[in-house]
Structures are given as structure tokens and as C-alpha cells.
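Here the structure is laid out as C-alpha cells; the discussion comes afterwards.
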Amino acid sequence: MPVENIIAVFLDGVGLGDDALARNPFAAPNATPFLRAQLDGHALVRDSAGISTDAATLVGLDAALGVAGLPQSGTGQTAILTGINAPEVVGEHIGPYPTAPLKAMLARDTVFHTLLAAEKAVSFANAFPDRFLNRLTRGTERLSANTRGALSAGLKLRGADDLRRGRAVSALLTNRYWRQWGYDVPLISAPEAGAQLAALAADHRLTYFELWYTDVVGHKQDAAQAEALLGMLDDFFSGLMAAIDAQRTLVLVFSDHGNLDDLSTRKHTAAPALCLALGAEHRRIQTMHALTDLAPFIVSTLSG
């Protein structure tokens with residue numbers, strides 16, 4: 001049965017690090033129990049790359065792409081969205097935000113542009129507060145490569161009304177911060193946020209969701225905060241998978257570079273970037289080896 005739609009969940013700064021409990025929160029015995037169960041008990045670490053079960057497949061993706069230095073978000077996300085070796089083109093790893101040459105790639109060559117040109121419905125699931133959208137209108141807001149790519153392709157950037165109606169997802173999942181900011185939105189759990197993403201994805205061939213807080217926590221080197229975040233993410237994926245038809249929908253979870261996988265450093269890591277697939281035809285990701293494989297993989301998977 002062909003894949004009818006893809007839910008792409010981008011986690012900023014998550015590599016497949018060493019199985020080292022002292023520095024890698026993914027190595028903790030109680031970390032991500034739902035995702036581990038999908039991988040027959042294997043943790044999201046480097047040694048598990050290549051594992052494929054009835055429910056899920058895990059691979060590591062080359063984030064360095066032949067360029068010296070630690071991978072960064074601007075070039076990494078551009079490579080993910082375009083399939084172009086962005087760090088090779090510009091001669092270095094650049095981040096966190098895209099520079100002019102990267103913006104030029106994102107203006108025309110993304111997976112969003114390609115699918116829309118083929119008349120396939122695409123959505124960017126993130127909800128943005130009014131102050132962000134207002135700064136964007138004034139041209140004063142800095143955009144991640146993911147958000148810039150979505151905007152350049154003409155995708156809607158969703159706001160508070162969409163979040164209130166269950167047609168968007170908070171980048172922090174539960175809406176708690178939105179309520180603290182004064183928005184009248186429902187307080188939902190992490191599993192409910194997953195179900196909300198699944199509901200939005202039902203109307204689109206590709207639904208893309210960006211979660212940047214994993215990179216923030218990695219830079220903070222806060223083990224307790226990392227543990228809490230992994231617990232919330234695991235619950236989110238549990239709710240997402242419970243709400244989809246796993247025979248028709250492929251959930252693709254991936255990152256741009258390592259960071260959260262090693263709390264002994266504030267810097268990014270050289271670990272392979274996470275790429276986990278759950279649901280329909282998940283073993284197809286075994287053909288991927290680098291960040292540049294993601295965009296063509298998504299396009300080819302949805303070509304039917």
C-alpha cells in the first residue's frame with residue numbers, strides 16, 4: 001500500500017550519540033520508553049543505527065557533508081529542505097540563521113516548492129504568536145531555515161486562532177506558554193498535541209512540524225531539563241502514533257546536527273543526525289545516508 005501522507009517532525013540539535021549515560025540523556029534507562037518500545041527496546045543512540053523492527057526504523061544521517069567543522073542549523077536545515085549540499089556550496093557550516101546564499105536556495109528549491117508544484121497539499125504545522133507575525137510583517141523577525149523555506153513557498157504561518165481551533169501545534173507542545181502570554185487557548189497534554197498534529201496531517205500529503213527547543217536544552221547542558229523534555233517528546237509521539245493510520249501515514253523524525261546527545265559540551269556535536277521512521281513503509285529510510293537525502297526521499301515517497 002503506498003504512503004498516503006508524511007508527517008515530518010524536525011527536532012533541532014538531536015544526534016545519535018554514544019551510549020554514555022553520564023552525558024547522553026537518550027542513554028538513560030528510563031528515557032523515551034514509547035520510542036524504545038517501537039525499536040524493540042533499543043535506545044536512540046549511535047549503536048542502534050540500522051535497527052529495523054515491525055514498527056520503526058532508525059538510521060543516522062551524515063550532517064557534516066564533507067565539510068570541516070561542526071554542523072550548524074542554517075546550512076543543515078537548508079540541505080534537508082533542498083537536497084543541496086549547502087555547506088559545500090557556501091564553503092562552511094553556517095548557523096543558526098540562513099545567510100543570503102542560503103536564502104536564495106530556500107526561495108526556490110525546497111521540498112515544499114516541489115510538492116506544491118505537483119499539486120500536493122502541504123502544511124507547516126507550527127503556531128506563531130502575534131508578536132512574531134507582526135515582526136515578520138515589518139521585516140524585523142529572524143527566521144529559521146525551516147520557517148523561511150515554508151514562507152518562501154507560500155505556506156501559511158499559523159497563529160493563535162489556528163492553535164485554538166486545533167489546526168496548529170505549539171513548538172513547546174502543550175500550549176502552557178501561550179496561556180502564560182495571555183492567549184485564550186486550551187491547555188493540552190503532550191499526547192493531545194500529537195493527536196492534534198495527526199488531525200491536521202489528515203488533510204495534507206506533507207505536514208512539517210519544527211521543534212527547536214531540543215537544541216536550546218542541549219546548549220543549556222541541563223540534565224534535568226533534558227530528561228523532562230524527552231519525557232514530553234515521548235508522550236507526544238505516543239499520542240501522534242495512536243491517532244494515525246500506521247498503514248497509510250509515515251511519521252518521519254529527523255534532525256540537522258547533534259547537540260542534545262552530549263550534555264558535556266555547549267557546542268554542537270559531530271554525531272550522525274537522528275532519522276527515525278514509524279508507520280507506513282518505514283523501512284524505506286534505509287536508503288538514506290545524509291541530510292541531502294531527505295528532500296528527494298519525501299518527494300519520491302509521495303510521488304504516487
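The values are calculated or read from the model by the stated rules, or taken from the named source; none is laboratory data. A quick note: this is a predicted structure, and the numbers were derived from the prediction, not measured. As a convention, Cβ positions derive from the backbone with ideal geometry for all residues, glycine included, and neighbour counts pool all protein chains shown.
Here are the numbers for the structure shown:
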item: Filter pass, ALA43 being surrounded by fewer than 16 Cβ atoms within 10 Å (Cβ to Cβ), in contact (Cβ under 8 Å) with a residue 12 or more places away in the chain and in contact with a Ser or Thr (Cβ under 9 Å, 6 or more places away or on another chain); result: no
item: Residue ranges of helices (runs of 4 or more DSSP H) in region 145-187 with at least 2 members touching a strand residue (DSSP E or B) at 6+ places or on another chain (Cβ under 9 Å) and modelled with pLDDT of 95 or more; result: 145-152, 160-164
item: Matching entry among SER48, SER52, SER73 (being crowded, with 16+ Cβ neighbours inside 10 Å, more than 19 Å from the chain's Cα centre (by Cα) and in contact (Cβ under 8 Å) with a residue 60 or more places away in the chain); result: SER52
item: Residue among ASP184, ASP215 that is of a type outside the set (A, V, I, L, M) and surrounded by fewer than 19 Cβ atoms within 10 Å (Cβ to Cβ); result: ASP184
item: 3 or more residues loosely packed, with under 14 Cβ neighbours inside 10 Å and not small (Gly, Ala, Ser): qualifying helices (runs of 4 or more DSSP H) within region 92-144; result: 130-138
item: When residues of region 253-283 are limited to those that are of a type in the set (A, V, I, L, M) and closer than 16 Å to TRP212 by Cα, the one nearest to the chain's Cα centre (by Cα); result: VAL253
item: Any pair with Cβ under 6 angstrom, 6 or more apart, that starts in region 147-175 at a residue that is on the phi > 0 side of the Ramachandran plot and ends at one that is among the aromatic types (Phe, Trp, Tyr) and at pLDDT 95 or above; result: LEU173/PHE236
